[in-house]
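Working notes for the structure below.
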């Protein structure tokens with residue numbers, strides 16, 4: 001009974017902390033806005049439209065930060081804008097939106113729905129940012145790997161199958177990775193030990209129904225990877241995620257990885273920039289690794305996404321050694337929720353400057 005009570009109290013504490021962190025981050029984003037400028041430049045007839053997720057019933061703290069940062073950018077540039085929920089049809093407008101799983105209504109095919117939304121609006125004569133070509137990379141790993149192959153961006157050996165029967169014919173060696181095509185971060189990444197394990201796992205989880213295909217990938221002998229964030233040709237954020245254990249596991253900070261904010265290895269910086277330029281995206285983040293963690297070998301590109309969750313450095317560098325634990329801190333001068341809000345606003349401002357430009361004030 002005591003352990004049950006303890007577990008229940010721990011669960012309540014985590015929920016309370018998560019909600020509190022979200023409220024603080026939302027307030028931090030709202031505090032950054034210059035409300036008089038926003039009221040002055042808001043207009044129902046404006047040719048620039050911000051599609052606000054919260055008006056669609058989608059409430060996510062990071063989504064709110066991306067949306068508010070777009071409003072902030074327009075107001076600070078002196079640009080007239082209107083706010084909409086995205087259901088109304090527009091023609092000849094500039095639409096700013098924050099694509100995400102929550103934005104779509106489809107349960108499984110949400111990456112396809114996001115692309116369709118952008119494409120339909122482009123066909124109607126609108127300029128939508130992010131564009132359909134950028135949105136195609138969002139949580140759509142099958143498309144991403146196909147584009148990598150077409151563009152000569154090197155990845156670990158990867159095979160894509162449409163069915164369990166097809167996957168039985170894989171030529172990759174076990175153990176290998178099974179990756180969900182419609183997922184983000186380290187979600188739906190499973191280490192597969194054998195054909196039997198593969199068939200059982202895919203069948204039990206309705207994997208093909210959810211993801212549309214089966215992606216199998218060579219399992220690299222690595223304990224770290226490099227996240228590189230681009231806006232244009234600039235790299236505003238790069239950090240290593242390091243698995244301190246002896247066994248392979250995803251290197252996301254939620255799994256306890258150490259984070260080191262260092263510059264990109266000098267000998268590979270131009271090469272990594274060149275791979276990003278091949279994608280024709282104005283913003284995005286690569287996950288990069290080296291076989292056996294040997295930086296003398298050519299880098300391999302694991303993932304790319306055109307919209308991402310940034311992990312900003314703590315200003316007190318000592319906190320970065322236990323990054324995951326310190327992400328949950330609620331109070332202090334150097335807290336994750338405030339740093340992340342600041343970074344989202346900065347990234348989106350630079351991104352919109354590239355894609356929207358300094359729009360003529362008053363239009």
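The values are calculated or read from the model by the stated rules, or taken from the named source; none is laboratory data. This is a predicted model, so every value here is computed, not measured. As a convention, Cβ positions derive from the backbone with ideal geometry for all residues, glycine included, and neighbour counts pool all protein chains shown.
On the phi < 0 side of the Ramachandran plot, at pLDDT below 95 and more than 19 Å from the chain's Cα centre (by Cα): which single residue out of 55, 33 fits that description?
55
Please go through region 85-101 and give me each residue that is within 10 Å of residue 127 (Cβ to Cβ) and either in a loop (DSSP other than H, G, I, E, B) or modelled with pLDDT under 95 (or both), ordered by number.
92, 93
Check region 293-311 and report whether any residue there is under 21 Å from the mean Cα position of the chain (by Cα), free of Cβ contacts under 8 Å to residues at least 12 places away in the same chain and outside any loop (DSSP other than H, G, I, E, B).
No, region 293-311 has no match at all.
When residues of region 193-227 are filtered for being touching a residue at least 24 places away in the same chain (Cβ under 8 Å), part of a helix (DSSP H, G or I) and surrounded by 15 or more Cβ atoms within 10 Å (Cβ to Cβ), how many remain?
Adding up the residues that qualify gives 7.
Filter region 120-153 down to residues that are out of contact with any strand residue (DSSP E or B) (no Cβ under 9 Å at 6 or more places or on another chain) and assigned to a helix (DSSP H, G or I), then give me how many there are.
Looking only at that region, the number is 7.
Of everything in region 228-238, what is in contact (Cβ under 8 Å) with a residue 60 or more places away in the chain and buried (at least 18 other Cβ atoms within 10 Å of the Cβ)? Give them in sequence order.
228, 229, 231, 237
If a residue must be touching a strand residue (DSSP E or B) at 6+ places or on another chain (Cβ under 9 Å) and either in a strand (DSSP E or B) or surrounded by 19 or more Cβ atoms within 10 Å (Cβ to Cβ) (or both), how many such residues does region 48-67 contain?
Total meeting the criteria: 6.
What about residue 199, is it over 18 Å from residue 300 (Cα atoms) and touching a helix residue (DSSP H, G or I) at 6+ places or on another chain (Cβ under 9 Å)?
Taking the combined requirement at face value, the residue satisfies it.
Conditions (1) surrounded by 14 or more Cβ atoms within 10 Å (Cβ to Cβ); (2) touching a helix residue (DSSP H, G or I) at 6+ places or on another chain (Cβ under 9 Å), marked per residue:
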site: 296; (1), (2): no, yes
site: 320; (1), (2): yes, yes
site: 326; (1), (2): yes, yes
site: 329; (1), (2): yes, yes
site: 339; (1), (2): yes, no
site: 344; (1), (2): yes, yes
site: 353; (1), (2): yes, yes
